[in-house]
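Please treat every number below as a calculation from the coordinates, not as lab data. A quick note: this is a predicted structure, and the numbers were derived from the prediction, not measured. Note: ideal-geometry Cβ built from the backbone for every residue, glycine included; neighbour counts use all protein chains shown.
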Amino acid sequence: MTDTDTTDIAKRRDAVLAELSAASETPPTLVAVTKTQPDEAIDAILATGQRVFGENRVQEAKARWADRRSDWPDLELHLIGPLQTNKADEAVALFDMIETVDRPKLVHALAKAMEKAGRRLPVLIQVNTGEEPQKAGIAPQDLPSLLQEAREAGLDVRGLMCIPPADEPAGPHFALLAKLAREAGLSVLSMGMSGDYVTAARFGSTHVRVGTALFGARS
Ligand SMILES: *Cc1c(COP(=O)(O)O)cnc(C)c1O
């Protein structure tokens with residue numbers, strides 16, 4: 001990576017933050033999605049002051065962040081990809097928030113892992129707002145029962161997360177997620193990616209997960 005790329009990352013981040021500020025009086029937190037990014041890109045974005053990061057795989061996140069944690073004690077790492085129950089212990093040890101709780105089995109695996117580790121992380125429930133069969137997330141109509149199960153298991157559920165269908169306008173999905181959160185008394189809304197973070201901010205997003213718009217296209 002050249003110096004120009006490093007400057008580009010800082011400029012792109014400034015541009016994203018400015019757009020988020022223009023879109024909302026309470027702009028969402030920018031979660032920089034670093035999956036597949038090389039060390040140079042990670043170091044460049046850390047140099048801008050960015051401290052909140054999203055990763056979608058446990059092993060990859062560990063390789064990228066486990067050592068950096070000691071140099072950057074104020075890092076905040078979010079798991080934004082599907083979690084297998086057999087990786088719950090590792091995920092609880094590494095991450096600061098799990099955004100992708102979407103089934104009873106995972107609720108119980110995480111509750112057990114957190115108890116074992118003595119570390120109670122905030123979590124989000126992922127909702128499959130488009131009810132796409134291939135996509136992770138709980139169906140909207142099943143959210144109340146999963147939420148109840150998660151709370152009874154002792155999970156600290158803070159809010160909801162969604163990834164709208166790629167081929168539909170995102171706005172209605174963001175509106176639905178906001179409505180579901182309101183009904184459930186939840187305040188955190190993780191919604192908005194590179195193509196739609198401004199729309200998401202207008203619909204009340206509290207966390208946008210942005211990769212490409214910061215780093216350029218993933219290889
Ligand atoms: C990769 C990813 C993102 C970031 O996507 P971009 O379009 O590159 O901004 C956001 N959320 C999730 C769950 C992802 O897997």
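Kirkwood hydrodynamic radius of the chain, from the reciprocal of the average inverse Cα-Cα distance over all distinct pairs: 17.6 Å.
Grab the DSSP H runs of the chain that are 4 residues or longer, score each as -39,500 (n - 2.57), total them, divide by all residues and round the 222 nm result to the nearest 500 deg cm²/dmol.
Helices in the chain give a 222 nm mean residue ellipticity of -13000 deg cm²/dmol.
What percent does the relative contact order of region 6-214 come to when contacts are Cα pairs within less than 8 Å and at least six residues apart?
21 percent
Dividing the C-alpha radius of gyration of region 119-219 by 2.2 N^0.38 Å, with N its residue count, gives 1.09.
Lysine pairs in region 6-214 with alpha-carbon atoms under 14 Å apart, 8 or more places apart or on different chains: how many are there? Mind showing how you got there, number by number?
Details: Lys35/Lys62; Lys62/Lys87; Lys87/Lys105; Lys87/Lys112; Lys87/Lys116.
Taking the Cα cut-off of 14 Å, the pair count is 5.
Size estimate for region 18-68 follows the Kirkwood approach: the inverse of mean 1/r over distinct Cα pairs works out to 12.2 Å. Considering only Ser190, Leu146, Ala15, and ranking their Cα positions along the charge dipole of the chain that arises from unit charges at the beta-carbon of Lys, Arg, Asp and Glu, the one farthest toward the positive end is Leu146. Taking Cα centre as origin and charging only the Cβ of basic (Lys, Arg, +1) and acidic (Asp, Glu, -1) residues, the dipole magnitude of the chain rounds to 440 debye. Two numbers describe the Cα atoms of region 1-95: Rg and Dmax, which are 14.4, 42 Å.
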